[in-house]
1. Scan the stretch B:40-88 for residues that are in a loop (DSSP other than H, G, I, E, B) and buried (at least 19 other Cβ atoms within 10 Å of the Cβ) and report the count.
2. Here are some conditions: (1) within 12 Å of chain A (Cβ to nearest Cβ); (2) modelled with pLDDT of 95 or more; (3) touching a Gly at 6+ places or on another chain (Cβ under 8 Å). B:Ala186 meets all but one. Which one does it not meet?
3. Taking the stretch B:148-167 as the search range and keeping residues that are assigned to a loop (DSSP other than H, G, I, E, B) and within 13 Å of chain A (Cβ to nearest Cβ), which one is farthest from the chain's Cα centre (by Cα)?
4. Would you call A:Asp98 among the charged types (D, E, K, R) and crowded, with 16+ Cβ neighbours inside 10 Å?
5. I want to confirm something. Restricting to the stretch A:89-110 and keeping residues that are of a type in the set (Val, Ile, Thr) and in a loop (DSSP other than H, G, I, E, B), which single residue is nearest to A:Leu202 (Cα to Cα)?
6. Collect the residues in the stretch A:101-141 that are away from every other protein chain (no Cβ under 11 Å) and either of a type in the set (Val, Ile, Thr) or over 23 Å from A:Ile86 (Cα atoms) (or both), keeping them in residue-number order.
7. Kindly check whether there is at least one residue in the stretch A:168-181 that is assigned to a strand (DSSP E or B) and closer than 22 Å to B:Leu142 by Cβ.
Protein chains: 2
Amino acid sequence: MQIKVAVVGGTGAEGSGLALRFAKAGARVFIGSRDLEKAQDAARRISAQVSPAEVTGHTNKDAVAAAGIVVLTVPLSAQVETLKSIRDSIAPGAILVDATVPLEIAIGGRLSRTLTLWDGSAAQQAARLLPGVPVVAAFHALSAEALAKLDHPLDCDTLICGDSAEAKAAVTQLAALIPGVRAIDAGPLDNARLLESAAALLISLNLRHKVKGSGMRITGLPSGADQ
Amino acid sequence: MQIKVAVVGGTGAEGSGLALRFAKAGARVFIGSRDLEKAQDAARRISAQVSPAEVTGHTNKDAVAAAGIVVLTVPLSAQVETLKSIRDSIAPGAILVDATVPLEIAIGGRLSRTLTLWDGSAAQQAARLLPGVPVVAAFHALSAEALAKLDHPLDCDTLICGDSAEAKAAVTQLAALIPGVRAIDAGPLDNARLLESAAALLISLNLRHKVKGSGMRITGLPSGADQ
């Protein structure tokens with residue numbers, strides 16, 4: 001069955017990159033934005049690169065309505081407002097994938113520093129705002145630049161965590177649509193702060209080493225750790 | 001010139017593993033422990049595996065006195081007390097490498113959860129306790145089990161951070177003594193909390209995937225990022 005995925009914040013670099021890769025792999029992609037025209041533009045850009053592509057642009061609210069998986073890729077400063085705006089439109093049984101990294105830049109600080117959130121992590125904040133929706137933290141550390149280079153596989157793992165094994169299995173399947181990416185189960189949603197921190201670490205390495213696409217591979221795991 | 005390194009907490013699994021690798025590479029190793037006999041036993045065990053080895057066991061206080069680099073590998077619960085006990089014995093110009101991971105187990109909690117320290121990180125706590133000593137955070141995430149397998153290279157990077165470029169260069173050189181390990185500069189000491197969090201993430205993966213030696217490789221950096 002075709003995966004139906006909404007990318008909320010799908011006009012940003014990270015969201016667009018994910019949407020591009022999902023579309024390339026044959027998923028039905030709904031790009032969401034606060035601005036309908038921007039969402040439609042982003043969908044057109046993706047359609048021009050991938051053929052045949054099933055990508056359409058919508059307001060965030062409309063984008064999530066038909067999706068089985070909703071991927072949230074907005075800055076921390078927009079996370080709460082965006083979640084409130086979509087929560088009544090998320091389809092019953094749908095999963096939210098939160099990729100938010102709680103960076104200090106949200107309050108005018110540095111890109112490489114994290115904020116401590118009351119809930120412990122951005123993903124737990126999302127879960128509190130969406131009662132009843134299984135939340136999986138994932139895709140924080142995938143380089144937007146690497147995602148955009150459609151001819152190149154990525155060279156990085158994505159750590160995922162959440163409290164629903166079924167939802168994590170669905171996200172593992174979604175991650176597998178991106179060549180080179182391996183999803184690794186990092187436990188309950190409670191661990192999301194460690195994943196968000198690891199993403200901040202990669203951002204910090206990008207700044208220091210003047211690259212845009214540092215990634216992380218986990219070594220020493222048994223084969224099948226990504227199942 | 002021969003590297004002179006003291007491993008404080010050198011009778012623990014992590015400290016012994018590092019001491020073994022440093023000795024194997026020809027460094028002069030001073031193993032420190034609160035218990036002199038345990039330190040001497042550990043030194044004998046290493047000498048039995050590596051020949052010729054220059055490894056001796058001492059109290060922590062005596063171990064650090066002759067070393068150019070002091071590596072601290074104690075649990076968080078012993079970090080402050082140990083630093084206070086050695087600070088008057090550290091040689092002028094010597095560097096402290098702090099590998100402490102602030103885990104909740106220090107207060108009876110879980111191995112895979114971190115504590116938030118007043119100073120921001122265990123390494124910054126060490127720096128506060130050792131005014132004038134250059135502190136580098138490093139070696140948190142190296143698997144003790146992998147270090148102990150002398151015939152096998154490791155498959156992981158060690159992220160290092162600190163405020164002295166010279167001290168970081170010395171630690172990079174020390175890391176290079178361990179086959180397979182690449183030190184990657186992760187910026188100022190202020191970033192140590194991200195490194196400590198990344199170590200907790202690996203501990204969490206070890207528990208979840210029932211392994212003892214998960215590690216981390218950073219991808220997408222320019223060659224020479226470890227310089």
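1. 5
2. With (1) within 12 Å of chain A (Cβ to nearest Cβ); (2) modelled with pLDDT of 95 or more; (3) touching a Gly at 6+ places or on another chain (Cβ under 8 Å) applied to B:Ala186, the lone miss is (3).
3. B:His152
4. yes
5. The extreme case among them is A:Val101.
6. A:Val101, A:Glu104, A:Ile105, A:Ile107, A:Gly108, A:Gly109, A:Leu111, A:Leu115, A:Val133, A:Val135, A:Val136, listed by residue number.
7. No, the stretch A:168-181 has no match at all.
Residue-by-condition table, conditions (1) at pLDDT below 95; (2) surrounded by 24 or more Cβ atoms within 10 Å (Cβ to Cβ); (3) among the acidic types (Asp, Glu):
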residue	(1), (2), (3)
A:Gly120	no, no, no
A:Ala126	no, yes, no
A:Pro134	no, no, no
A:Ala141	yes, no, no
A:Cys161	no, yes, no
A:Ala165	no, no, no
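The values are calculated or read from the model by the stated rules, or taken from the named source; none is laboratory data. The structure presented is a predicted model; accordingly, all values stated were derived computationally and were not measured. Please note: Cβ atoms are built from the backbone with ideal geometry, for glycine as well, and neighbour counts cover all protein chains shown.
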